[in-house]
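Novice: Below is one structure. I have some questions about it.
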Amino acid sequence: MKNVTITVEDDVLEWARVKAARENTSVSRLLGIWMKEKRLQEDAYEVAKRSALQFRSWGKSDGPFLTRDEMYDRTGFR
């Protein structure tokens, strides 16, 4: 683990101290947990974004895009 020095406003530090005390931990540990959770959220967001942006055709087409007729052909869904 690495040590980091941060600068925060007095009222924010007081809030963090109270929050850490309520959770029976240190401000340092509280920030470490918060940063880890934030990283995991952003990683999950990136995975979801990449998945959503991948092109996957839901129909059969000879080209990269469905034609109008192919788009409205519902025989495959019955």
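The values are calculated or read from the model by the stated rules, or taken from the named source; none is laboratory data. Only a predicted model underlies this, so the values are computations on that prediction, with no experimental measurement involved. Here Cβ is always computed from backbone atoms with ideal geometry, including for glycine, and neighbour counts include all displayed protein chains. SASA here: full protein model, heavy atoms, side chains in, ligands and nucleic acids out. Shrake-Rupley method; radii C 1.70, N 1.55, O 1.52, S 1.80 Å.
Novice: Compute the accessible area per residue over the chain, keeping the other protein chains in place, probe 1.4 Å, unit Å².
Specialist: 101
Novice: Follow-up question, since we're still on this one. In whole Hz, what ³J(HN,Hα) sequence does region 65-72 give by Karplus (6.51, -1.76, 1.60; θ = phi - 60°), x for Gly and Pro?
Specialist: Values, residue by residue: 10, 6, 7, 4, 5, 5, 5, 9 Hz.
Novice: Moving to a separate point now. Give the dimensionless ratio obtained when the Cα radius of gyration of the chain is divided by 2.2 N^0.38 Å.
Specialist: With N residues counted in the chain, Rg over 2.2 N^0.38 Å equals 2.15.
Novice: Given the options 8, 44, 25, identify the residue whose Cα lies farthest towards the positive end of the charge dipole of the chain (+1 on Cβ of Lys, Arg; -1 on Cβ of Asp, Glu).
Specialist: 44
Novice: Further question on the same structure: Compare the peptides 18-31, 1-14 by average per-residue count of other Cβ atoms within 10 angstrom and give them in order, highest first.
Specialist: 18-31, 1-14
Novice: Percent of accessible area on the chain owned by carbon and sulfur, 1.4 Å probe?
Specialist: C and S fraction of accessible area: 54 percent.
Novice: Now, a different point. If you look for lysine pairs in the chain that are eight or more places apart or on different chains, how many of them have Cα atoms under 30 Å apart?
Specialist: Within the chain, the lysine pair count is 8.
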